[in-house]
1. List, in the order given, every pair from 203/256; 97/129; 249/310 whose Cα-Cα distance in the structure shown is over 23 Å.
2. Tell me the per residue accessible area of the chain using a 1.4 Å probe; a whole number in Å² is fine.
3. Given the -39500 (n - 2.57) contribution per DSSP H run of 4+ residues, what per-residue ellipticity at 222 nm results for the chain, rounded to the nearest 500 deg cm²/dmol?
4. Which pairs in the list 42/280; 166/270; 166/259; 185/280; 185/267; 193/267 are over 26 Å apart, alpha-carbon to alpha-carbon?
5. By how many nm would the segment from residue 140 to residue 70 grow when fully extended, if each residue of separation counts as 0.36 nm and the alpha-carbon distance is taken off?
6. Just need the relative contact order of the stretch 144-302 here, percent rounded to a whole number, with Cα pairs under 8 Å and 6+ apart.
7. If I ignore ligands, DNA and RNA and count only protein heavy atoms, how much of residue 289 is accessible to a 1.4 Å probe, in Å² to the nearest 10?
8. So how do 83-90, 162-169, 43-50 stack up, highest first, on mean other-Cβ count within 10 Å?
Amino acid sequence: MEIFIVIGVLLYVVIAIDILQTTLSMQGGGWITSRASHLFWKVLLSISGRNGRSWLLGHTGYLLLTSIVFSWVISLWASLTFILYGIPGAIVESTTKIPADFGELVYYSGYSLSTLGMGDYVATTNMAKLITSFYSFTGLILLTMSVTYFVPVLDAVIVQRQLGVKLRSLGESPQTIIINGWNGKNFDRLINKIEGISDLIIKYSQQHRAYPVVHYFHNTDPDTAVILQLARLYEALQILSCQVSEDIKPAAEDLKPLKVAYKNYFKVIKQVTHFSFDSKEPGWANIAWLQESQLVPEDLKKLELANMEKDQRIFFNSLILLDGWSWENVDPKSS
């Protein structure tokens, strides 16, 4: 029977660590939670036909969040049951003193973990009493932490949606972001927004680090899906940095806050996700309109494209594909 005690103790330790890492570490989800979340997403993405507009993907976030908390509860419950089952006669019926069978131990473990304390079954040994008290105390703490995990996650989801809408207001393609930011003399219309946008991206990135499950709260509307908007603005940033004519190009210091925000974003996503970033580099942004407007010299195109940040563009393309979209949603060629 000792094997059940070992199983119960190991299960408790593993789950308790996973809960603490996920809810308190601010360094991403626990080992089990993060990988299970990724697998859950991959399954639903496959079922949906890798269609970003699928209603199923739109429900993934809250289904995954409730599944995580439910699995924590069941695991803690099972661990106590196994431990008590490994101690014959540790729990008895309060009136008849008949030892509890496995089903009755499940019942006893459940109400002990939830601190309800029904009283129809009691512990007979000091060890069983100590174990029951320990689980009642730590169970209350861990389950409370699990439930309160919902609040900051939902707040992070709101920030994610706000960022998506904010970025969409800049333009529906990389080159329209540039055009909309041009006032006929300089790009102050866009530069003046960079500080606020950079702050939002950094906040979103840090919340993503603390609560990676936010990534799975999928937005089925491509007009405001945050990953598409982030990739679109990044393309516009590369155009401003590398392709816009030298005499009108924004100063490097003006673009620095946005570059720092993206650097932080890349670092965080690579740390907290378990995706394989192995897609091909997407096609270059459509800049025909910019060339017609003489914002980008025609003879500079091939020379400057070679200097753009290839790895980050592959990174974005991988994330977009893993979110059920395609690069055409970032840069519509008809724009």
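The values are calculated or read from the model by the stated rules, or taken from the named source; none is laboratory data. All figures in this text were calculated on a predicted structure; none of them were measured in a lab. Please note: Cβ atoms are built from the backbone with ideal geometry, for glycine as well, and neighbour counts cover all protein chains shown. Just the protein is used for accessible areas: all its heavy atoms, side chains included, with ligands, DNA and RNA removed. Shrake-Rupley method; radii C 1.70, N 1.55, O 1.52, S 1.80 Å.
1. Details: 203/256 17 Å; 97/129 15 Å; 249/310 21 Å.
Cα-Cα > 23 Å for no pair; all within.
2. Numbers: 15910 Å² over 335 residues.
That works out to 47 Å² per residue.
3. Values: 14 runs with 216 residues, N = 335.
Here the helix-only value at 222 nm equals -21000 deg cm²/dmol.
4. Details: 42/280 20 Å; 166/270 24 Å; 166/259 18 Å; 185/280 37 Å; 185/267 35 Å; 193/267 23 Å.
The pairs that break the limit, which is 26 Å between Cα atoms, are 185/280; 185/267.
5. On the way: separation 70, 0.36 × 70 = 25.20 nm, distance 1.46 nm.
Stretched out fully, the residue 140 to residue 70 stretch lengthens by 23.7 nm.
6. Numbers: 146 pairs, mean separation 48.2, N = 159.
Averaging sequence separation for qualifying contacts and normalising by length gives 30 percent for the stretch 144-302.
7. Rounded to the nearest 10, the figure is 100 Å².
8. On the way: 83-90: 19.2, 162-169: 17.5, 43-50: 14.5.
Going from most to least packed, we get 83-90, 162-169, 43-50.
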